[in-house]
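Accompanying notes for the structure given below.
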Amino acid sequence: MTEQTGLPTGDEKARTVRAMFDRIAPRYDRLNRIMTFGMDAGWRRKSIATLGLDGGSTVVDVACGTGDFCRELQNAGLDPIGFDVSFGMLSMASTHAPLVQGDGLRLPLRDAAADGLTCGFALRNVVDLRILFEESARVLRPGGRAAFLETAQPDNPVLSLGHRLYFHKVVPKIGGWLSDRDAYSYLPKSSAYLPPKAGLIALLQDAGFGDVSVHFFGLGAVQLLTGTRS
């Protein structure tokens, strides 16, 4: 099934995303650093700071990829465990944290197993955001904190235009030169899956999160959604 945007949905989306990340895994980290001008590491550190967790707390990293969030979580004195559907991404990981091939919509964890949860730039890649947020709430203890880092569209018209040109024109060209043209053409388009800010907040609240807030980085090109498990 395909949406009016031409983007896949349902099982087709799940297969497309998994195969795509398997293909681009060998150069994924390098491309991230280039395309974010090295700012992505700082965004992850800021996300972790918003969790406000004590040292040794257990943190689930959903769609962990090559383990960037896990490395930063360990540097912060936390105890992460990562999950990702792509074996290709996991095989390229450089972290000492335990990593599991698994779907963020069906985490193999008991209820209230974790103190915190992170997810970096993956909301637009899941099949169902409602299920993702409900599953995230399930594995968090009451009072546990979640941080979801994702792309955004700046509100300022000038910044918005510049962002669209860069994200939809420059990124696919760089990705095509250095990695996989189809994948890096799909990734900018996939932002169309994301609801507006109010919709994301409502989904988190409906899933059982309170104190939901949104912060923006990179002149509005990146958003961080945080919430506390009720």
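The values are calculated or read from the model by the stated rules, or taken from the named source; none is laboratory data. As the structure is a prediction and not an experimental result, all values here were calculated from the model. Heads up, the Cβs are rebuilt from the backbone with ideal geometry, glycines too, and the neighbour counts pull from every protein chain shown.
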Mind checking whether some residue in the stretch 79-93 is surrounded by fewer than 20 Cβ atoms within 10 Å (Cβ to Cβ), in a loop (DSSP other than H, G, I, E, B) and either in contact (Cβ under 8 Å) with a residue 12 or more places away in the chain or under 13 Å from the mean Cα position of the chain (by Cα) (or both)?
yes
Going by the conditions given, is Arg124 within 27 Å of Gly42 (Cβ to Cβ), under 16 Å from the mean Cα position of the chain (by Cα), surrounded by 21 or more Cβ atoms within 10 Å (Cβ to Cβ) and among the charged types (D, E, K, R)?
no
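Counting just the residues of the stretch 54-78 that are among the β-branched types (Val, Ile, Thr) and outside any loop (DSSP other than H, G, I, E, B), which one comes out farthest from Asn125 (Cα to Cα)?
Residues of the stretch 54-78 among the β-branched types (Val, Ile, Thr): 58-60, 62, 66.
From what is left, the residues that are outside any loop (DSSP other than H, G, I, E, B) are 58-60, 62.
Details: Thr58: 24, Val59: 21, Val60: 18, Val62: 12 Å.
Here the answer is Thr58.
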The lone condition Phe37 fails out of (1) touching a Ser or Thr at 6+ places or on another chain (Cβ under 6 Å); (2) modelled with pLDDT under 95 is (1)
Residue check, Val100 β-branched (Val, Ile, Thr) and touching a residue at least 24 places away in the same chain (Cβ under 8 Å)
no
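Out of all the residues in the stretch 209-220, is one or more aliphatic (A, V, I, L, M) and crowded, with 18+ Cβ neighbours inside 10 Å? Full working, then the answer.
Keep residues of the stretch 209-220 that are aliphatic (A, V, I, L, M), which gives 212, 214, 219.
Subsequent filtering for residues that are crowded, with 18+ Cβ neighbours inside 10 Å retains none.
No, there is no match, as no residue in the stretch 209-220 is aliphatic (A, V, I, L, M) and crowded, with 18+ Cβ neighbours inside 10 Å.
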What's the number of the condition Leu159 fails, among (1) surrounded by fewer than 19 Cβ atoms within 10 Å (Cβ to Cβ); (2) modelled with pLDDT of 95 or more; (3) under 22 Å from Leu225 (Cβ atoms)?
(2)
Residues of the stretch 123-148 being in a strand (DSSP E or B), closer than 15 Å to Leu107 by Cβ and of a type in the set (Gly, Ala, Ser), in sequence order, are Gly144, Ala146
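Looking at Arg44, Arg33, can you tell me which residue is under 20 Å from Leu149 (Cα atoms) and touching a strand residue (DSSP E or B) at 6+ places or on another chain (Cβ under 7 Å)?
Details: Arg33 fails: touching a strand residue (DSSP E or B) at 6+ places or on another chain (Cβ under 7 Å).
So the residue among Arg44, Arg33 that is under 20 Å from Leu149 (Cα atoms) and touching a strand residue (DSSP E or B) at 6+ places or on another chain (Cβ under 7 Å) is Arg44.
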